[in-house]
1. Suppose every K and R has +1 on its Cβ and every D and E has -1 on its Cβ; what is the size of the dipole of region 1-51 about the Cα centre, in Debye to the nearest 20?
2. Please grab the % of Cα pairs in the chain that end up more than 27 Å from each other.
3. Normalise the Debye intensity by I(0) for region 299-340, one equal point scatterer per Cα, no solvent, then take log10 at q = 0.26, 0.28 Å⁻¹ and round to two decimals.
4. Rounded, prolate or oblate: which fits region 261-330 when a ≥ b ≥ c are the square roots of the eigenvalues of the alpha-carbon gyration tensor, with rounded for a/c under 1.5 and prolate only if a/b beats b/c?
5. Specify, per residue and in Å³, the volume enclosed by the convex hull of the alpha carbon atoms belonging to region 8-51.
6. Semi-axes, largest first, in whole Å: what does sqrt of 5 times each Cα gyration tensor eigenvalue give for region 153-294?
7. Leaving ligands, DNA and RNA out of it, report the carbon-plus-sulfur percent of the accessible area of the chain at a 1.4 Å probe.
8. Lysines near residue 94 by alpha-carbon distance under 24 Å, same-chain residues fewer than 8 away left out - which ones?
Amino acid sequence: MQARIVLLPGDGIGPEVVSQAQRVLATVADRGGRRFEFDSRPIGGCAIDACGEPLPAETLSACRESDAILLGAVGGPKWDDPTAKVRPEQGLLKIRKELQLFANLRPIRTWDCLIPASPLREEIAAGTDILFVRELTGGIYFGASGLEALPQPGQERAWNVMEYSTAEIERVVRVAAQAATQRRGKLTSVDKANVLEVSRLWRRTAERVVRSEFPALTYENVLVDAMAMHLIARPRDFDVVVTENLFGDILTDEGSMLPGSLGLLPSASLGSDGPGLYEPIHGSAPDIAGKGVANPLATILAGAMLLRHSLRWDEGGAMIEQAVQAVLDRGLRTRDIARGGPSVGTVEMTDAVLAALPR
Ligand code: IPM
Ligand code: MG
């Protein structure tokens with residue numbers, strides 16, 4: 001079986017971690033008797049430099065024609081000028097919207113052997129295993145926005161509208177509910193229904209979908225401010241959490257601290273059909289770019305999600321996940337999780353994962 005995978009290395013440490021994940025995917029394909037064809041394209045800041053836009057048309061069409069997309073990271077200080085008309089992040093937002101990747105899966109779990117690296121006490125963090133499902137193509141990120149001058153000199157006004165339609169809420173809630181059915185059977189929907197009209201529509205719709213289509217699930221609504229507390233006070237109580245775009249952006253950054261490092265967490269952005277987009281949840285880390293010390297494991301694990309979700313190859317995904325577990329259990333650490341102890345570089349860590357893959 002053959003699959004076309006588009007690589008979008010992007011900026012900062014993106015190229016380093018994507019090239020290592022590619023090595024792992026190629027090896028797993030080999031072992032499983034499959035063939036992957038890789039096609040690397042520019043996105044983000046490097047695309048602005050090369051083509052003047054963060055998502056060149058050729059990149060987008062290559063993605064559309066692929067089976068799956070693996071992205072590194074976009075952005076960096078070079079393109080951070082607040083007055084700039086184009087920003088690297090726009091490339092990411094545009095590809096999400098163009099490919100209708102409305103469901104962003106962000107699994108947040110802890111590894112027992114890394115718990116000492118968590119900022120939370122062991123008895124709170126240990127055993128955390130949450131799947132965040134963040135709505136990714138609606139809400140305040142994509143609602144009407146504007147900026148206008150006011151009559152008073154030097155005064156301006158700006159706005160972004162948070163809006164959702166029933167259909168947009170239904171489809172992402174279904175993805176989350178389906179996932180909960182295959183996990184521990186609990187779904188938490190997060191909103192701000194005590195204040196926002198759009199959240200009241202979210203809550204009504206989510207409740208209806210779950211009660212009528214997934215009656216076996218344990219379901220609860222939680223307000224976003226309370227969720228910010230519960231997430232670090234009792235993270236083990238959550239199984240699948242579904243929420244809108246901006247709340248999901250914030251809560252998943254908070255949740256990503258539970259395991260102790262951003263360098264371990266993958267994510268998947270999925271639509272109802274077409275290729276999915278897989279990436280580490282960390283950013284471009286310009287401070288360590290090019291130094292060979294970035295942790296490649298989040299991107300390698302994103303590769304495992306790619307195999308499971310887009311190529312429907314659970315066995316390949318499990319091979320990668322078990323190899324990562326094995327190298328962590330053996331005590332191998334990149335700098336971000338070494339807590340000042342001995343550490344290995346990006347390539348050495350990947351070499352160890354390759355060596356741990358089943359023959
Ligand atoms: C994320 C990032 C993006 C977002 C940025 C880079 C546009 O923070 O994927 O969480 O806000 O969605
Ligand atoms: Mg974010």
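1. 340
2. It works out to 48 percent of all Cα pairs.
3. Log10 of I(q)/I(0), two decimals: -0.82, -0.88.
4. It is oblate, given that a/c is not under 1.5 and a/b is not larger than b/c.
5. Hull volume over Cα atoms, normalised by residue count, gives 51 Å³.
6. Largest first, region 153-294 gives 27, 23, 17 Å.
7. That fraction is 51 percent.
8. Leaving aside lysines fewer than 8 places away in the same chain, those within reach of residue 94 are 78, 85.
The values are calculated or read from the model by the stated rules, or taken from the named source; none is laboratory data. Model, not experiment: these values are computed from the prediction. Positions of Cβ are generated from backbone atoms using ideal geometry, with glycine treated the same way; all protein chains shown enter the neighbour counts. Side chains included, ligands, DNA and RNA excluded: accessible areas come from the protein's heavy atoms. Shrake-Rupley method; radii C 1.70, N 1.55, O 1.52, S 1.80 Å.
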